[in-house]
1. Label the stretch 49-199 by shape, choosing from rounded, prolate and oblate, from the square roots a ≥ b ≥ c of the eigenvalues of the Cα gyration tensor; if a/c is under 1.5 it is rounded, and otherwise prolate applies when a/b is larger than b/c, oblate when it is not.
2. Explain nothing, just compute: Karplus ³J(HN,Hα) = 6.51 cos²θ - 1.76 cosθ + 1.60, θ = phi - 60°, for every residue of the stretch 378-390 in order, whole Hz, x for Gly and Pro.
3. Taking the Cβ of ASN118 as the center, what net charge do the other residues with Cβ under 15 Å away carry, scoring Lys and Arg +1 and Asp and Glu -1?
4. Mind jotting down the three principal axis lengths of the stretch 368-412 based on Cα atoms? Whole angstrom, largest first.
5. By count of other Cβ within 10 Å, fewest leading, how are THR312, THR79, THR411, THR265 ordered?
6. Find, among the trypsin sites (Lys or Arg not before Pro) in the stretch 88-148, those assigned to loop by DSSP (not H, G, I, E, B) with at most 13 other beta-carbon atoms within 10 angstrom.
7. Between GLU161 and LYS139, what FRET efficiency comes out of the Förster formula 1/(1 + (r/R0)^6) with R0 = 22 Å and r the beta carbon distance, rounded to 0.05?
8. Return the whole-Å distance between the Cα centroid of the stretch 322-362 and the Cα centroid of the stretch 142-197.
Amino acid sequence: MTSMKRNVFSRRFLLEKGFKLATTVGAAASLGHLGKISAFAETAPAGYKALVCVFLFGGNDSNNMVVPMSGAAASQYNTLRANLAIKNPLALGSTGYGLHPNMTALANLYSRGNVALNFNVGTLVTPLTRSQYQKGSGKAPANLFSHADQQQEWQTAAPLENLTTGWGGRVADLFPPATAQSCATGISVNGNSALLVGQTSRQASVSGDGFGLLGEDGSAATIARDAALQQIFKLDSGVTLVQASGNVLQGAIEMAALVKNAVSTTPLPATFPATSLGQQLSQVAQLIRSRTQLGANRQIFFASLGGFDTHTDQLNSQTALYQQLSDAVSAFSTAMADSSIDASTDVTLFTESEFNRTFQPNTNGGTDHAWGGHHLVVGGAVKGGLYGQFPTLVLGGDSDAESRGNWIPTTSLDQYCATLAQWFGVNNLLGVFPNLSNFSPNEYNLGFV
């Protein structure tokens, strides 16, 4: 009896430790044999393509990322932004707009035609005017101005919160891995992501520089641990949940081995900043470089940067955040264009953030939760330039949902993401973005890529 208890404990202990040691490819990872193949899967066009989402958590005040430099908008900006106004933006050619002065690397990419700026994008159910919003005669997204809800809605493209899958996951459902030994279509490099949750596909969650098991150092102890886990996987516990947990962990370990064996140890052809986002995009670059070894022809990556909830001390916070974003994206672009990776036109990076912030500052040197904001799309396939409608910078004006510069989006999240998905190869856009049908078919694709 004592021996049986000891064996059961050891098994549970090892399973528990397996999850805590976890793999650098997380427990959400799945090889083909752990997930069903979608009945609606599409045949991926020839060649390789990848989407890279950089989510700016906290609500990026993009009123300071893209700055008007001429005409009435510039005058309104400098007056109404008051102590938060950016004084020396980096001019984007003769467009009349500029980027935050700490985004030099991105401004240089824009000058080469590799950056599209999408104005006033946000969650929408249908096109909406100020009058409709204030009278309640038009549908608005659920729980506007809530961090958690809007983060979820941006990642699910479900403004009324009626979908449990992410739009990236629904795209991944259409393009399952080619074989059971191929890498997952959706990969997060910063924890599990709602964006990549699919109906039939499962995301891989990658962390750590080594792409192997955490604590994997070739020692006798780690070899013994791995051998013990493999023995456990061969046993039938008779307990459904325990068995399922073991199957998921086994899949994660197999995925870790696949990635570790495929990823080259050769230094990347660009120097990535030693920052959170820099290291995440470095990992994405390594995985893209190994796309052939991983058996991948379609991939969706999720990376993120936090700190954008700038209710106070916004100018100082944005200085560091925009520097980090700009430098990391620039390094990634350089790596993609290098002949050793040669994926510049096959990889498109884009930003998301739960909402913009009020144009009018608060009394604490910051801004508060708002709605529509500006977003970046970067890559060799991008048709650089300005897209969408810049808001009228008048408090209580036609663009303002309220009275503090809370811009009502003029481009919907669905249109923005559907443009990316169509470039990726999705034919059935309404199957991925059911809310898209509320907008004109002529505007399903915004043309920036």
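Read the figures in this text as sums done on the coordinates, not as results from a lab. All figures in this text were calculated on a predicted structure; none of them were measured in a lab. Note: ideal-geometry Cβ built from the backbone for every residue, glycine included; neighbour counts use all protein chains shown.
1. Values: a/c = 2.56, a/b = 1.38, b/c = 1.85.
Oblate shape, in that a/c is at least 1.5 and b/c is the bigger or equal ratio.
2. Going residue by residue, I get 10, x, x, 8, 6, 8, x, x, 10, 10, x, 10, 5 Hz, with x marking Gly and Pro.
3. Details: positive: LYS383; negative: GLU352, ASP414, GLU443.
So the environment of ASN118 carries a net charge of -2.
4. Largest first, the stretch 368-412 extends 40, 18, 15 Å along its Cα principal axes.
5. Going from sparsest to densest Cβ surroundings: THR265, THR79, THR312, THR411.
6. Working: sites: ARG112, ARG130, LYS135, LYS139; in loops: ARG112, LYS139.
In loop regions of the stretch 88-148 (DSSP not H, G, I, E or B), the sparsely surrounded trypsin sites (Lys or Arg not before Pro) are ARG112.
7. Result of the calculation: an efficiency of 0.95.
8. 19 Å
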